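Worksheet for the structure shown next.
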Amino acid sequence: MTHTATELPTVASSHDDGLPTLGTEEVLRYSRHLIIPDVGLTGQRQLKNARVLLVGAGGLGSPLALYLAAAGVGTIGLVDFDVVDLTNLQRQILHGTKDVGRPKLASATDRIRDVNPHVHVEGFETRLTSANALDILRDFDIVVDGTDNFPTRYLTNDACVLLGKPNVYGSIFRFEGQASVFATADGPCYRCLFPEPPPPGLVPSCAEGGVLGVLPGLIGTIQATETIKLVLGIGEPLVGRLLLVDALTVRFHTVKLRRDPSCPACGTRAIRELVDYEEFCGIRQAEAQQLADAVPEITPVELAERRRRGDDLDLIDVREPHEWEIAHIPGARLIPLATVADAALTLDRSRDIVVHCKGGIRSAKAVRQLRAAGFSRVWNLSGGITRWSEDVDPSTPRY
Amino acid sequence: MSRRVHVRVPASTSNIGGGFDCVGIAVDRWLSVAVTLDLSRDDVCITREGTLCELDATPDDDRIIVGFRAACRHAGARAPRRLRVRARSAIPIARGLGSSAAASVAGAVAANALLDLALDDQAIAGIAAAVEGHPDNVAPAVFGGATLALSASGSKALTVRPLTVSTELALILAVPDFPVETTRARALLPSTVSHPIASRAAALGAALIHGLATGDAGLLAAALDDVLHVPYRRQLVRGFDAVVSAARGAGAYGATLSGSGSTIAAVAPRTFAVAVCHAMRSAWRDVGVDAQAFESRTPARGYALRTRSHSLLKRSPLMPVTLHLPTVLAKLADGKAIETRGSTVGEAVADVAARYPSLAPRLRDDTGKPYPFVTFYLNDEDIRFHGGFEARLADGDELTVVPAIAGG
């Protein structure tokens with residue numbers, strides 16, 4: 001590595017082990033590491049020599065990037081194509097209020113430089129795909145999975161197995177998290193744990209189901225710890241073990257993972273190249289199905305116009321009560337999706353019915369249920385209460 | 001050789017409007033108790049989990065032990081001195097949901113099974129009611145569903161009969177964050193009531209029974225407006241009037257104190273159950289009270305017992321095990337740790353699936369096979385490497401469900 005701080009006087013320059021040297025400022029900066037015998041000067045130089053790729057600069061990526069940078073990991077790669085959004089700031093501590101609207105990569109690079117100017121940041125402002133994953137991952141020693149969706153998790157896993165790179169895994173939902181280290185020489189991989197993803201729509205994402213803001217902090221710092229242990233070759237990494245964290249009960253529990261001899265990635269090695277992960281995760285099929293199942297729609301502007309005209313409309317909100325509490329459209333009635341079938345018995349078939357949810361997906365399901373139950377005058381509010389807020393009534397809070 | 005029994009007993013609501021002191025309904029929140037005769041000890045030891053953590057009663061004062069000893073006394077048996085009791089409850093304490101009646105029943109049932117006392121359910125109910133003083137909570141805890149508990153005047157004899165509840169009705173319980181002490185609630189009641197009040201109470205009692213059976217809106221609305229205790233006790237429950245009117249506004253026929261409070265119970269058409277839950281919780285929040293509200297699948301069953309005697313040589317086929325659920329699935333059951341049993345993992349999962357229909361499709365597919373995205377661990381070992389759902393269970397095994405999640 002040649003990008004070390006050559007302008008600074010260096011110490012320990014007489015090593016011929018190929019590891020970079022540390023400047024005097026770095027020696028002082030890392031002194032609390034250097035005085036741990038298990039890390040020491042050599043360990044710190046190994047960290048400086050290390051190339052770690054973070055897939056995702058979001059909830060998990062935030063503490064990862066900050067701690068790995070502070071710890072002196074020499075090169076941090078970041079893959080993220082997203083832009084900082086206000087709803088990210090509740091947990092993505094890599095980004096600040098001033099960064100809203102900026103690319104996460106730009107914001108992350110600034111923040112990492114501020115934490116530790118000795119870190120070299122390599123940004124990839126792209127979605128990780130089957131076409132680019134091998135090229136991006138190839139130049140790194142360790143890959144850390146901090147993505148937020150199943151297709152990218154399977155893609156990251158398979159690419160790591162094909163390239164023989166350890167995959168430091170972390171995943172979160174609401175109050176619970178999981179962490180492990182996959183795809184080491186002897187250990188299991190993500191597919192050994194979950195051979196197939198759940199069908200789209202069954203497991204809500206954090207955007208749909210929410211996540212406790214500090215939870216990515218808990219899990220991301222565990223991933224950072226595992227990454228540093230792998231670089232230093234110390235301790236017992238989470239290989240062959242899955243850590244389950246429950247923030248509500250503060251239960252940290254590990255279960256045993258085994259390499260599955262029939263795993264198509266690391267067992268039989270039937271997977272010789274990257275596949276179409278959107279298709280593997282059923283997303284293309286679900287999108288096609290959604291198009292095929294299209295339901296009659298009404299836009300928020302049209303709805304507002306019809307209400308202004310005094311049309312007799314039954315506006316039904318199929319979200320959950322806690323969402324209703326955050327915001328609701330005046331005049332709407334709350335009938336959560338799970339109870340729509342029962343409630344159908346009490347609805348007036350002769351009235352026009354408009355159904356809405358947060359973004360239009362759940363209400364489309366409700367519209368299909370009602371149409372199957374013989375209701376013909378029923379519409380889906382396209383874009384849900386979110387677009388209602390955007391297009392009709394900005395005083396309606398968005399969430 | 002040691003013996004152990006497991007008992008599950010439901011919560012219950014009582015004093016439902018016109019059914020003061022006689023009508024009770026089993027509620028889908030459970031107390032689980034495991035009692036072991038442990039000859040290696042020389043005392044009684046209790047571990048408490050869930051809502052029971054709030055209790056600090058000594059073992060001698062614990063309702064489970066009191067019920068256990070009362071059953072022994074009734075049957076003329078000597079109560080064993082060496083007992084190990086593990087109790088876990090999802091029933092809110094001191095909220096008018098029959099937590100202590102459930103404990104007394106659990107103790108009596110455990111004693112009956114463990115010591116072969118040969119008591120029938122009527123006798124169990126009588127024993128627990130005598131200990132407890134609340135036959136209207138004890139009866140549904142024993143028999144399940146809705147019950148009428150009639151104490152013969154001047155004697156301890158108890159007559160219990162099941163009541164019909166229309167399947168169109170939902171029972172909603174809104175539980176605030178503050179307790180009401182039963183003794184204090186009792187002290188507020190007048191020692192006598194006037195004749196007009198008494199005759200109105202008789203009419204309301206009849207209205208309640210017929211209203212529950214038929215779902216008659218007018219009868220239920222009248223019957224849930226009690227005259228015997230709510231007028232005196234509502235002062236103990238901050239926000240009572242607001243919560244009751246919010247429940248009515250959201251579609252309930254009416255609402256009243258559950259037991260002596262602080263829980264408020266509403267009866268509503270099934271369709272409006274969710275809206276009523278929400279309205280009651282919101283109304284309470286508006287007066288600064290944090291509350292949980294839930295619909296009890298009516299009628300909940302009565303107590304369930306499983307018993308086995310085991311030694312190292314002989315293993316019974318249905319092993320009591322605990323299934324641990326992640327928070328997101330726990331909402332579909334009654335807690336994160338479900339006591340279940342089966343000789344294999346598949347049987348235990350099937351038992352849980354049968355008890356919690358909305359949880360079932362999250363655990364296994366339509367044909368009862370495991371999903372590739374939900375992994376089960378048997379004492380921290382992946383079951384797929386031990387025969388999958390055919391993996392054998394042993395007493396006290398711990399099963400953990402790990403679903404795939406993708407958040408980051």
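The eigenvalues of the Cα gyration tensor, multiplied by 5 and square-rooted, give segment B:343-387 an equivalent ellipsoid with semi-axes of 18, 12, 9 Å from largest to smallest.
Computed from the alpha carbon atoms alone, the convex hull of segment A:61-158 holds 93 Å³ per residue.
Each of B:P59, B:S296, B:I383 was scored by the projection of its Cα onto the charge dipole of the protein assembly as shown, and the greatest displacement toward the positive side belongs to B:P59; charges sit on the C-beta of Lys, Arg, Asp and Glu.
Residue-wise HN-Hα couplings along segment A:290-306, as the Karplus relation 6.51 cos²θ - 1.76 cosθ + 1.60 with θ = phi - 60° gives them from phi, are 4, 5, 5, 8, 3, 10, x, 10, 9, 8, x, 5, 5, 4, 4, 5, 5 Hz; Gly and Pro carry x. When Rg and the Kirkwood radius Rh are both evaluated on Cα atoms of segment A:271-320, their ratio Rg/Rh stands at 1.30.
Across all directions, the average projected area of the convex hull around the alpha carbons of segment A:214-336 is 14.2 nm².
Residue by residue, segment B:373-388 carries 3J(HN,Hα) couplings of 10, 10, 9, 9, 10, 9, 6, 6, 10, 5, 5, 5, 9, 10, x, x Hz when phi is fed to the Karplus relation 6.51 cos²θ - 1.76 cosθ + 1.60 (θ = phi - 60°); x denotes Gly or Pro. Computed over chain A, the convex hull of the alpha-carbon atoms projects to a mean area of 22.9 nm². Take the Cα coordinates of chain B, assign each an equal point scatterer, and use the Debye formula without solvent to give log10 I(q)/I(0) at q = 0.13 Å⁻¹. For the requested q values the scattering log ratios are -1.12.
Taking GluC sites (Glu not before Pro) in DSSP loop conformation with at most 14 other Cβ atoms inside 10 Å as exposed sites, chain B has its longest uninterrupted site-free stretch at B:182-408. Over chain A, DSSP H runs of length four or greater, each weighted -39,500 (n - 2.57), average out per residue to a 222 nm ellipticity of -9500 deg cm²/dmol.
The angle between the Cα long axis of helix B:121-132 and the longest principal axis of the Cα atoms of chain B comes to about 70 degrees, rounded to the nearest 10.
How big is D for segment B:1-115, in µm² s⁻¹ as a whole number, if Stokes-Einstein is applied with the Kirkwood radius of its Cα pairs at 4 °C and 1.567 mPa s? Estimated via Stokes-Einstein, D reaches 90 µm²/s. Partner shielding of B:324-337 amounts to 2, given as the average count of beta-carbon atoms from other chains within 10 Å of each residue beta-carbon. Between A:R398 and B:T367, the modelled label-to-label distance comes to 4.6 nm, taking each label 7 Å out from Cα in the direction of the beta carbon.
A convex hull fitted to the Cα coordinates of segment B:184-266 yields 88 cubic angstrom per residue.
Based on the alpha-carbon gyration tensor of segment B:157-312 and its eigenvalue square roots a ≥ b ≥ c, which shape applies: rounded if a/c is under 1.5, prolate if not and a/b is larger than b/c, or oblate? The shape class here is rounded.
Once you have the Kirkwood Rh of segment B:68-121 from its Cα pairs, apply Stokes-Einstein at 4 °C and 1.567 mPa s and quote D in µm²/s. D = 107 µm²/s.
Each Cα pair under 8 Å and six or more residues apart adds its sequence gap; the mean of these over the residue count of chain A is a relative contact order of 12 percent.
Helix B:273-286 and the longest principal axis of the Cα set of chain B meet at an angle near 70°.
Kirkwood Rh and Cα-based Rg: tell me the resulting Rg over Rh for segment B:171-221, rounded to two decimals. With Rh from the inverse mean 1/r over Cα pairs, Rg/Rh is 1.09. For peptide A:194-205, the mean count of partner chain Cβ atoms within 10 Å of a residue's Cβ comes to 5.
In this structure, the amide hydrogen of A:V354, modeled 1.01 Å from its nitrogen in the peptide plane, lies closer than 5 angstrom to those of A:D314, A:L315, A:I316, A:W379, counting only residues at least 5 positions away or on a different chain. When you count the other C-beta atoms within 10 angstrom of each residue and take the mean per peptide, B:272-284, B:188-200, B:75-87 line up highest first as B:272-284, B:75-87, B:188-200.
Across segment A:200-286, Cα-Cα distances exceeding 22 Å account for 55% of all pairs. Whose amide H sits under 5 Å from the amide H of A:L78, counting only residues 5 or more places off or on another chain, with H placed in the peptide plane? Amide H neighbours of A:L78: A:L54, A:E122, A:G123, A:F124.
Note on A:R371 and A:S205: with the Förster distance fixed at 25 Å, the Cβ-Cβ geometry gives a FRET efficiency of about 0.35. Once you order the gyration tensor axes a ≥ b ≥ c over the Cα atoms, which shape class does segment A:239-300 get: rounded for a/c under 1.5, otherwise prolate or oblate by comparing a/b with b/c? Oblate, because a/c is 1.5 or more while a/b does not exceed b/c.
The simple Förster model, with R0 at 60 Å and r as the Cβ-Cβ distance, assigns A:E196 and B:T182 a FRET efficiency of 0.65. Taking amide H positions as modeled 1.01 Å from N, with prolines and chain starts lacking one, the residues under 5 Å from A:V84 and 5 or more places away or on another chain are A:G101, A:R102, A:K104. With springs only between Cα atoms under 10 Å apart, run a GNM on chain A and tell me which of A:T386, A:T227, A:T147 wobbles the most. Highest fluctuation of the listed residues: A:T386. Compactness of segment B:251-408 is given as radius of gyration and Dmax, 19.5, 61 Å, from Cα positions. Using θ = phi - 60° in the Karplus curve 6.51 cos²θ - 1.76 cosθ + 1.60, the 3J(HN,Hα) couplings for segment A:204-216 round to x, 7, 4, 5, 8, x, x, 8, 5, x, 7, 4, x Hz; x is entered for Gly and Pro.
If you plug the beta carbon distance of B:F385 and B:C45 into 1/(1 + (r/R0)^6) with R0 = 35 Å, you get a FRET efficiency near 0.45. Only Cα sites of the protein assembly as shown enter the Debye sum here, all with the same form factor; the resulting log10 I(q)/I(0) across q = 0.05, 0.08, 0.10 1/Å is -0.34, -0.83, -1.16, listed in q order.
In chain A, excluding the sites themselves, the longest stretch lacking any of the GluC sites (Glu not before Pro) that are in a DSSP loop with at most 14 other Cβ atoms within 10 Å is A:126-272. Between A:D145, A:D99, A:D158, the Gaussian network model of chain A with springs among Cα atoms under 10 angstrom shows the greatest mean-square fluctuation at A:D99.
Under 30 Å of direct C-alpha separation, and excluding same-chain neighbours fewer than eight residues apart, B:K331 reaches these lysines: A:K256, A:K358, A:K365, B:K369. Of A:L47, A:L64, A:L232, which is the most mobile in a GNM of chain A whose springs link Cα atoms less than 10 angstrom apart? Taking springs between Cα atoms under 10 Å, the residue moving most is A:L232. Placing a pseudo-label 7 Å from each Cα along the Cα-to-Cβ vector at A:Q90 and A:D276 gives an inter-label distance of 3.5 nm. According to the Kirkwood relation over distinct C-alpha pairs, the hydrodynamic radius of segment B:123-226 is 15.9 Å. Rounded to the nearest 10 degrees, the inclination of helix A:40-49 to the longest alpha-carbon principal axis of chain A is 50 degrees.
Diagonalising the gyration tensor over the Cα atoms of segment A:217-261 and scaling each eigenvalue by 5 before taking the square root yields semi-axes of 19, 17, 8 Å, largest first. Volume per residue of the convex hull around the Cα atoms, evaluated for segment A:247-399, comes out as 196 Å³.
Just so you know, all these numbers are worked out from the coordinates, no wet-lab data involved. Quick caveat: nothing in here was measured; it's all calculated off a predicted structure. So basically every Cβ, Gly included, is an ideal-geometry build from the backbone, and we count neighbours across all protein chains shown.
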